[in-house]
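Note sheet for the following structure.
What follows is calculated from the coordinates using simple rules that are stated; it is not laboratory data. Just so we're clear, the structure is a prediction, and the values are computed from it rather than from any experiment. Using ideal geometry, Cβ is built from the backbone for each residue, glycine included, and neighbour counts are taken over all protein chains shown.
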């Protein structure tokens, strides 16, 4: 059985097109708008002459009223559909804060094991308590009296938890992504180009892409290795690289950075292609398959239009660091350090540029 616990997230700005069903922030379809004039009807002898005194006004494009700032969420979810009674967990949590002009944004991650207060949630009967943030979707998705999970409720409890912890009042849109179709998406783009910043050994894959043999709780056999430098990755390599945390100096914090690098590489490749081509766009949508569930109230195309000027160069990747917490010798989860918590306060207060100017080492280079 394929282990589907791939900690991956594609941007929220990504979220929009991901929201739009493309999985890559073409937050755009650059150049095309829904306000383009419709083809004119043919003029005949019976056609009334147009009024010169009342010129026709094109309807505003859907999403033209979205001005920002925006906070968007993408959660990569481990569903483990083949495991009886398994509950969904958000193994990757990525947020994109888009500034008021919608031309610049900040991409950051919350640790999956971040220990937070998850509020009580009446719909699922969850009484509330302090837990790892990855568990919020599980507690929210429960439906008393049945084993069926309500992923929308799980998303709602996750956003409430994030808002309470960060001070961000509203998350305007988001998506939950499982992992079927993501390797196909990267392949449909023709692979992606990344600068790998440290040696990474795969716990899960062989050099030929086949799964390593699972022996108890670990794997055995030859390992795929990703070496530092500029690399072209195909689908399985891209996802495999982004899911690794074991053997890395900073564990999940290194993995979070690699996920954000992957997101930006996908975005860069996407906007370099002609996605106004309906055939190409449909191929990308098909590649994602049913791996995406979106939320937000507005139509995805509205966010796609609103973020049409947000390019990869306009997205700053921010590293939030922390450390483990426990009781005695027992591990309870992660806590962010003072600098990282200060960044979240800056997000909530709309003061990110000034904060990062004072804390430049938080910005991921490259």
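Under the 0.36 nm per residue contour assumption, what length would be gained going from the current alpha-carbon distance of residue 351 and residue 150 to full extension?
Working: separation 201, 0.36 × 201 = 72.36 nm, distance 3.59 nm.
The span from residue 351 to residue 150 would gain 68.8 nm if fully extended.
What order, most packed first, do the peptides 184-192, 331-339, 254-262 have when packing is the mean number of other Cβ atoms within 10 Å of each residue?
Ranking the peptides 184-192, 331-339, 254-262 by packing returns 254-262, 184-192, 331-339.
If contacts are Cα pairs under 8 angstrom and at least 6 residues apart, what is the relative contact order of the range 185-242 in percent? Present the calculation step by step, with values, prior to reporting the outcome.
Values: 92 pairs, mean separation 26.7, N = 58.
Dividing the mean separation by the residue count of the range 185-242 yields 46 percent.
Spin-label point model (7 Å from Cα, Cβ direction): what's the residue 67 to residue 198 distance in nm?
4.3
With a point put 7 Å past each Cα toward its Cβ, work out how far residue 358 is from residue 309 in nm, to one decimal.
A separation of 2.9 nm, rounded to one decimal place.
For a quick check: sort 226, 155 by the number of other beta carbons within 10 angstrom, fewest at the front. Walk me through the numbers on the way to the answer.
Numbers: 226 20, 155 26.
Going from sparsest to densest Cβ surroundings: 226, 155.
Can you tell me the FRET efficiency between residue 215 and residue 365 if r is taken as the Cβ-Cβ distance and R0 is 35 Å, rounded to the nearest 0.05?
On the way: r = 39 Å, r/R0 = 1.11.
Calculated transfer efficiency: 0.35.
If packing is taken as the average count of other Cβ atoms within 10 Å, what order do 232-242, 124-134, 210-220 fall into, highest mean first? Show your work: numbers first, answer last.
Values: 232-242: 20.5, 124-134: 17.0, 210-220: 11.3.
Output ranking for 232-242, 124-134, 210-220: 232-242, 124-134, 210-220.
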